[in-house]
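Student: Let me give you the structure first, and then I'll get to my questions.
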Amino acid sequence: MGCVRFIHFADLHIGRSLSFLRAHGDYELFKSVLHFISDLADKYDVSFFVLPGDIFNSTIIDYKFKFLFANFLKKNSNRRIYFLSGNHDPFENRFYDFFRNYDNFIIFDDNEITFYDEDEICVAGANLDFSLRSVNPLKKYDKGVFKKPTVFLMHSNFTGIVSDHENYLPVGFNDLIGFDVPFYLAMGHIHQFYLETVDNVTVSYPGSPLPVRINEVGEKYLNLVEFDGYNFLVKKIMTGIVIHEKELNVTEDDRLEDLYDKLSKIISDEFYYSVKIKGVANGSLKWELMEAKRDLLDEFTNIVDIADESLTALELKQIDKMGVFQKLLYEESIKDMEIFDESIKKLIKKYDIDFDYEKLKKNALSYLFANIADDE
Ligand SMILES: [Mn+2]
């Protein structure tokens, strides 16, 4: 028995605006991912693809994206592309008819499992009915219907995976016990890689092949799966389109030009970066950063986001309107000094301030705001 290889990817969301990835256009990024996948398929001589949902961001997308996918089908005319609709790209004749001329494009039927043969393994799936969202689709079928090693496509939540995605058609490990044949559950919906094997059952989400949201940081993958006659073995393949998290430290002396300098040094053209500013910044840098953020993002197109998480150095001038607190700060800045002023004592009591001088010194602004935000 020879081994069978296939590629499993999902949640590409073709047609979505990726405006946060400014260094390249959306179209170019989707195109490069699809090329990467086709090349990989040729390199590893894969027999077929399984695409369990949300390949398109919606069924209302620019035609250029449909052409792009049609090209992918054409390029891979020697292998079938098993396609399942997700919640983003639900089954609609008008949309999918466009791909009907490609014999290798196999779209599953609604709510009825269809089985296809790929040599010694079987590929099965059904399009989701989102009105049956609490129903476990696997429960409808006797495990005996799976007679051959099976690749089963699903677009749903696997019980036990915490995500911010909508939970529907829940399937858990309990549903996967008792299969007589090796079983690979090819999942879509969750944008992060997940892999778990129990007995002869393997469950995997490859995650999105590229970041489709600004917070999708870290390596992105697709699955190259091999069936060796006994088991389904998953090889994670990195697509290389990555948002790396970077921390940038600032000090009280730093001005915007220093920050600009530091930003130039931490990024390369190869990846995208989500930058978190840490350390202690002076008030004017914080203010300048707020004003300059958009222009910095335009300047460094490989940076998708700049989050200011720095603490504020104490600058009393900037919290002028909180006169009483200023006084408190002045007095407290003389360490271990006792507070004699009754009005200050009252304030401390009123706001139940847990007085921590070090904390106050480092982050006076947020410390004070946190304590008096709702008070006039
Ligand atoms: Mn989805």
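Student: Rounded to the nearest 0.05, what FRET efficiency do Ala292 and Thr59 have when you use their Cβ-Cβ distance and R0 = 41 Å?
Tutor: Details: r = 40 Å, r/R0 = 0.98.
Result of the calculation: an efficiency of 0.55.
Student: Then there is this: Which trypsin sites (Lys or Arg not before Pro) in the range 30-127 pass both tests, a DSSP loop state and at most 11 other beta-carbon atoms within 10 Å?
Tutor: Arg100
Student: Which ³J(HN,Hα) values in Hz, rounded to whole numbers, follow from the phi angles of the range 244-257 under the Karplus curve 6.51 cos²θ - 1.76 cosθ + 1.60, where θ = phi - 60° and Gly and Pro get x?
Tutor: 8, 8, 10, 9, 10, 8, 10, 10, 4, 7, 5, 10, 4, 5
Student: Next question, about the same structure. Lys and Arg at +1, Asp and Glu at -1: add these up for the other residues within a Cβ distance under 9 Å of Phe20 and post the number.
Tutor: Around Phe20, the charge tally is +1.
Student: What full-extension length gain, to one decimal in nm, is calculated for Ser284 and Lys265 as 0.36 nm per residue of separation minus the Cα-Cα distance? Walk me through the numbers before you get to the answer.
Tutor: Details: separation 19, 0.36 × 19 = 6.84 nm, distance 2.24 nm.
Taking Ser284 through Lys265 to full extension adds about 4.6 nm, to one decimal.
Student: Taking 0.36 nm per intervening residue step and subtracting the Cα-Cα distance, what contour gain separates Cys3 from Glu28 on full extension?
Tutor: 5.6 nm
Student: Need the full-extension length gain, Asp110 to Thr251, defined as separation in residues times 0.36 nm minus the C-alpha distance. One decimal, nm. Please list the in-between numbers first.
Tutor: On the way: separation 141, 0.36 × 141 = 50.76 nm, distance 5.93 nm.
This chain segment gains 44.8 nm when fully extended.
Student: Would you pull out the residues with amide H under 5 Å of Leu18's amide H, same chain only if 5 or more places away, H placed 1.01 Å from N?
Tutor: Asp26
All of the numbers you see were taken from the coordinates with simple rules; none came from a lab. None of the values given here were measured: they were computed from a predicted structure. Counting neighbours? That spans all protein chains shown, and the Cβs are built from the backbone with ideal geometry, glycine included.
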